[in-house]
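Take a look at the structure set out below.
Each value in this text was obtained by applying a stated rule to the coordinates, not by laboratory testing. Predicted model, so just to flag it, every value in this text is computed and none were measured. Positions of Cβ are backbone-derived with ideal geometry, glycine not excepted, and every protein chain shown enters the neighbour counts.
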């Protein structure tokens, strides 16, 4: 997103939200001011940043300690070892990490300039046999068509279809989706921004834009991929679309009704490979709590309540629209799509007669490595300290949700290009996927088609000719996809 960038924000959100326990009984959450933003035409224009590192609160890591099992550990195996078992932990969330003395498989290869995917031993957590968890498992590994159909700008005065290339240079092609399928991906998330594509003041979507979204969606469906579409950058008090406060409640509910009524009708005949996501990162844009939910503040409690209402209206509209929408899988976020936004007492999953709602979160963690452009370029997956944020995130999602049969999808994660840190990014990616899949969670890499410049760089593949810039990360994503 770059004004800081689409990814730098909930992602400070997710660093500063992660170790905080913010909502309800989980503990207290710290607040952090977002940095000033400067518009950049080539990337997303939102910012997720914090000026302070998150602080671990004792209450945040004690709640689900009883559920942390010694059966699931991700251990790093060196090239000279046949197996390694890390010491099991029965302490609080965020403490069950491999021993720091374990060797990394890539150690010898990196000295010679090669990149090696770390060998990890993975033991699955206990998970109930539910339809939702099986469906999310089938999503396996996903990829985001970022900065594309979600791009927008009040400054842009050209043809409405031209917005597809105002944040990145390439038109989306069928060949790209074919390559993603051949590479092993199972899911493509297609973020869509709708404002700027209306024909009247009542949010009627233009035929040209709906046709283009339909075309891109079918690139994926025709390949047998799962495809996710959403309401993306329509959360702003100035956009006239949605904004989660009481003053904009009625307008926001109407917006959700209008968009999903039209989208659901257009795609009613598509099978369950098409997934609808209610909205992207709903939050109080432009406020001190934009990325740091603090339910001690009335405005935050109000925002969560409005988000609950928007999620419920989304489900109701889709279910009433007929066709395959009666049983289509849907995803719903909490505040800013953060972990804290879904573990607070105020958040409620919507009622669904079909029982097919997936909890959706974003987790660029640990923030200092994954999203902070001024943060570290190094991570040691053997280190409890380095991996503490990620451990807390995944254990919390497991203990609160997947262990109880509630499906969870992390549909945005990734790690920035920071100079010559490819081996660290490969290590991080393999470790992240191995631990997430062991807890019944599938993940989608955020790719904004950016490889150089001063903005956030999450690109993996050149879209114009479908050549992989970082095949090592692609392979790391796949290595533990079926763990």
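Exposure proxy for 469, 122: other Cβ atoms within 10 Å of each Cβ, ordered fewest to most, give 469, 122.
If a/c stays under 1.5 just call it rounded; otherwise compare a/b with b/c (prolate if a/b is bigger, oblate if not). Do that for segment 154-306, with a ≥ b ≥ c from the square roots of the Cα gyration tensor eigenvalues. Taking the square roots of the gyration eigenvalues as a ≥ b ≥ c, segment 154-306 is prolate. Computing FRET efficiency as 1/(1 + (r/R0)^6) for residue 130 and residue 324, where r is the C-beta to C-beta distance and R0 is 25 Å, gives about 0.75. Hey, for a label at residue 122 modelled as a point 7 Å past Cα toward Cβ, could you say which residues of segment 412-428 have their backbone N under 18 Å away? Within reach of a label on residue 122, which here means backbone N under 18 Å from a point 7 Å along Cα→Cβ, segment 412-428 contributes 412-415, 425-428. Can you work out the PRE-style zone for residue 201? Point 7 Å along Cα to Cβ, and I want the residues of segment 123-163 with backbone N under 20 Å. Zone members listed by number: none at all. Maximal additional length on extending the residue 287-residue 345 stretch stands at 18.7 nm, based on 0.36 nm per residue less the C-alpha distance. With the cut-off at 1.5 for a/c, could you classify segment 125-479 from its C-alpha gyration tensor as rounded, prolate or oblate? Judged from the Cα gyration tensor, segment 125-479 comes out rounded (a/c under 1.5). Between residue 261 and residue 383, the FRET efficiency from the beta-carbon distance, with R0 = 60 Å, is close to 0.75. By other beta-carbon atoms within 10 Å, ranking 470, 276, 369 with the fewest at the front produces 470, 276, 369.
Note on residue 268/residue 181: beta-carbon distance plugged into 1/(1 + (r/R0)^6) with R0 of 22 Å gives a FRET efficiency of 0.35.
Here the label points at residue 238 and residue 208, each 7 Å from Cα along the C-beta direction, are separated by 2.5 nm in the simple model.
Look at 269, 427 and count the other Cβ atoms within 10 Å of each Cβ; fewest to most, that gives 269, 427.
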